[in-house]
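Nothing in this text is a laboratory measurement; each read-out follows from the coordinates by a stated rule. Predicted, not measured: the structure shown is a model, and the values here were computed from it. Glycine gets a Cβ as well: all are built from the backbone with ideal geometry, and neighbour counts include every protein chain shown.
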Amino acid sequence: MVNGSIARLGATVSVGDLIEFDSRSFRVVSDQPEHRTLIYHKPEGEVTTRNDPEGRKTVFDRLPRLKNERWIAIGRLDLNTAGLLLLTTDGELANRMMHPSGNVDREYLCRIRGAVSEEQIQQLLKGVKLEDGVARFSDLVPGEITAGHAWYTVTIMEGRNREVRRLWEAVGAQVARLKRVRFGPVFLPARVRSGRYEELSPADHRILREDVGLPTQARELKLDRIQKIKNN
């Protein structure tokens, strides 16, 4: 029963509603935890999983311990990619930032072996067919170019597996080094050295939620059981 009426399939409840089930009564209450979010500077050689069957180091090995919560990685970085990794206790935020509908861009610094032609750059901006569909860089900015390497800053709007590397490889270019330097509105600060982390302020966490269209404060509902008073 919900508020004295039989519950129907698809019905929703909100704060204050009374739910009765199996001779027990519950009141819907709001539980608003203070979520935490970290910037982590991932070094090469670490995996973005909790447990690795090969025994390799994971990004979670260096993070602060939590009680009754867990760190959720917002997206992944492969073994040989370094740079910015966001981790949070806010599952709603993580899901929205990772989902394509969130339109959250990612920026990478790439070092490419050899020269890259203008034709290759135009291909990458227009779109390249990969095994999981067409992909492209939404932005590509040339940097320093030497005899053996060329630096580029690229931006993608999705988070497919090894997407940046596969895009370069699709046009015949080889990635020598890859580092993520931005995820949405969050940049990797120079002060956060490789293997270190820094916690965002509650205000910055709220900005992240606003940026993907979420209310500034997560609202999680729970059931509070109502204890019946026995008559003597």
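Our estimate of slack between K126 and S138, defined as 0.36 nm per intervening residue step minus the Cα-Cα distance, is 3.5 nm.
Compactness of region 143-232, taken as the C-alpha radius of gyration over 2.2 N^0.38 Å, stands at 1.90. Amide hydrogen proximity for A176: with H placed 1.01 Å from N in the peptide plane, the residues at 5 or more positions away or on another chain lying under 5 Å are R111, I112, R113. A helix-only calculation puts the chain at -4000 deg cm²/dmol for mean residue ellipticity at 222 nm, using -39500 (n - 2.57) for each DSSP H run of at least four residues, averaged over all residues. Dividing the mean sequence gap of close Cα pairs (under 8 Å, 6+ apart) by how many residues the chain holds gives a relative contact order of 27 percent. Could you compute the FRET efficiency for R191 and L63, with r as their C-beta to C-beta distance and R0 at 22 Å, rounded to 0.05? The pair R191/L63 has a calculated efficiency of 0.75.
Shown for the chain: lysine pairs separated by 8 or more places, or found on different chains, whose C-alpha atoms are under 30 Å apart, numbering 10. Can you give the Rg to Rh ratio of the chain, both from alpha-carbon atoms, with Rh computed by the Kirkwood formula? When Rh is taken as the Kirkwood radius, the ratio is 1.12. Lys/Arg Cβ at +1, Asp/Glu Cβ at -1, dipole of region 105-183 taken about the Cα centre: which of L167, A147, V181 is farthest positive-ward? It is V181.
From the alpha carbon centroid of region 147-208 to that of region 1-67 is 27 Å. Estimated translational diffusion coefficient (Stokes-Einstein, Kirkwood radius over Cα pairs, 25 °C, 0.890 mPa s) of region 105-183: 198 µm² per second. Expressed to the nearest 5 percent, the antiparallel share of DSSP beta bridges inside the chain is 95 percent.
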